[in-house]
Amino acid sequence: MMTSLLRHVRALEPGFFRRFFALGWPISAQLMLASSLALVDVLMVAALGATAVAAVGLAGKFFFIVILMISGVASGGATLAAQYVGARDAAGVRRVLAISLVAGWLAALPFTLATAWMPQQIMGWFSDDVELVRLGAQFLRLSAPFHLLMATVAVIAAVLRVYGKATLPMLVGVLAVGLNTVLNYFLIFGHAGAPQLGVAGAALATLTAKCVECAVLIALIYYAKSPICLSLAEFRAAFRPDEVRRFLRQSVPLVLNEIVFAGGMFGFSVIYGHMGTVQLASTTLMGPIEGLSIDLFIGFTTAAAVMIATALGARDFAAAKRHALVLAAVVTGATLVFGLLMAALRTPILSLFGKVEPEVLALAHQLFFIVCFTLWLRLYNVVACVSILRSGGEVRYTLYVDMVVVWLLVLPLTAYTGLVLHWPLSWVFALAIGGEALCKAPAYTLRILQRRWLRSLVMHTPQTLAH
């Protein structure tokens, strides 16, 4: 295996790793900044107590479900856009952008309406704690338009990345996180004469920051005359039947995949919530830390997906296979080292939450180890699923894997052990995230070795590597 890997590394084109890093780090930085919005909210409301932390964290879990759905739309569009870049078809990229924007808005709209009209019922799914439900519902209602704004930003950023323009959305994300932090300081605690709004202040700060991020990103794209600038005529003309069908074939299974996965994550949160408020608060504390750890590398898995999809669009299947093997090894190895480093630094990291109740922090220490030691396998699964299989259109297969692993195996076992057998939280948490990773890895690896993903999606007569 090592000999084969070294042979593929030697065969890479000059500047390959420089291009990979140049594309990957701004994406990771932007995703980490997006996760930082949730971390900032949790850190700043920690002074209000475990119930406030759990309420904001659960609202964030609901946002996470929506973001995953939107990312399915954005990922499907980005895969097609990258293959159009490989085929040197700029007009095709803009058509994909237009369709992706409309699909993203349609996916986000039901959640915007639901959080505006029935936030109390949504929070009631997570917990029976009356005060927690009240605070979480307040957060959801006030930040309801967030989902539509997130859809717009996610789709535009995904298409920018296929052109290697990942730095712009990252810089705009820096602005959003800074603004969110400042507004949190004033609106949560009422500093400098601002109203003291508590959890409601965190919601308003998050929504305002996302509004500014969306507006600034669109303004800069048109000011710089970016190649993805859409005219109204191009927008209207984009919805050709063949283009829409191509997009739907790639994106609908992805959206369904994200719904299945997000529903599973929602189910895990419901289980933790019914195990107790302390247990829920400890998993909530881990959410932003876990998210930031994964986001640090997700940008590089996205860069890998762009590079693999571009090679497939150019019908260079040998290069796509070579890129897949090398990048899977690089990302997995890097996350293994990072997980060990995180485990060594757990005490100073968790000291950021020093104001949280001691029992919550004690549980978080246990969960922290589990996150650290499963990180490498979870990121291997991301590379295998998102970067490799989905780039070649294997979206139905990844959907089936998620349906079986999450819904038929891991979620029922987690519910049984947590709510019936009353296992300790750390055991249940390990089963949830470790069991999922262990089941998915061999299923993805087998499919990659079958090479069915080595095909072009944007040619009228796509070729497939059959041997």
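Please treat every number below as a calculation from the coordinates, not as lab data. The model shown is predicted, which means the values in this text are computed figures rather than measured ones. Glycine also receives a Cβ, built like all others from the backbone with ideal geometry; neighbour counts cover every protein chain displayed.
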(request) Would you work out which of G435, V9, T445 lies farthest towards the positive end of the dipole of the chain, given +1 charges on the beta-carbon of Lys and Arg and -1 on that of Asp and Glu, about the Cα centre? (result) V9
(request) Would you mind pulling out the separation of the Cα centroids of the range 168-196 and the range 257-281, in Å? (result) 28 Å
(request) Express in nm, to one decimal, how much length is gained between V182 and S226 on full extension, taking 0.36 nm for each residue of separation and deducting their alpha carbon distance. (result) 12.8 nm
(request) State the Cα centre-to-centre distance between the range 286-303 and the range 93-145 in whole Å. (result) 23 Å
(request) Taking 7 Å along the Cα-to-C-beta vector as the label spot, tell me the L336-Q196 distance in nanometres, rounded to one decimal. (result) 5.2 nm
(request) Place +1 on the Cβ of every Lys and Arg and -1 on the Cβ of every Asp and Glu in the range 2-450, take the dipole about the Cα centre, and give the residue among V244, L148, Q30 whose Cα lies farthest towards its positive end. (result) V244
(message) Restricting to DSSP H runs of at least four residues, report the calculated mean residue ellipticity at 222 nm for the chain, -39500 (n - 2.57) per run over all residues, nearest 500 deg cm²/dmol.
(response) -27000 deg cm²/dmol
(request) Could you list, in their original order, any pairs among K225/K321; K165/K440; K165/K210; K165/K321 whose Cα atoms are separated by more than 30 Å? (result) K225/K321; K165/K440
(request) Would you calculate the separation in nanometres between label points at E359 and H422, each defined as 7 Å from the Cα along the Cα-to-beta-carbon direction? (result) 1.4 nm
(request) Measure nothing fancy, just the Cα-based angle from helix 358-382's long axis to the longest principal axis of the chain, in degrees from 0 to 90, nearest 10. (result) 10 degrees
(message) Can you find, among L408, A309, A262, the residue sitting farthest towards the positive end of the charge dipole of the chain, where Lys and Arg contribute +1 and Asp and Glu -1 at Cβ?
(response) A309
(request) Would you mind working out the magnitude of the charge dipole of the chain relative to its Cα centre, with +1 at each Lys and Arg C-beta and -1 at each Asp and Glu C-beta, to the nearest 20 Debye? (result) 1800 debye
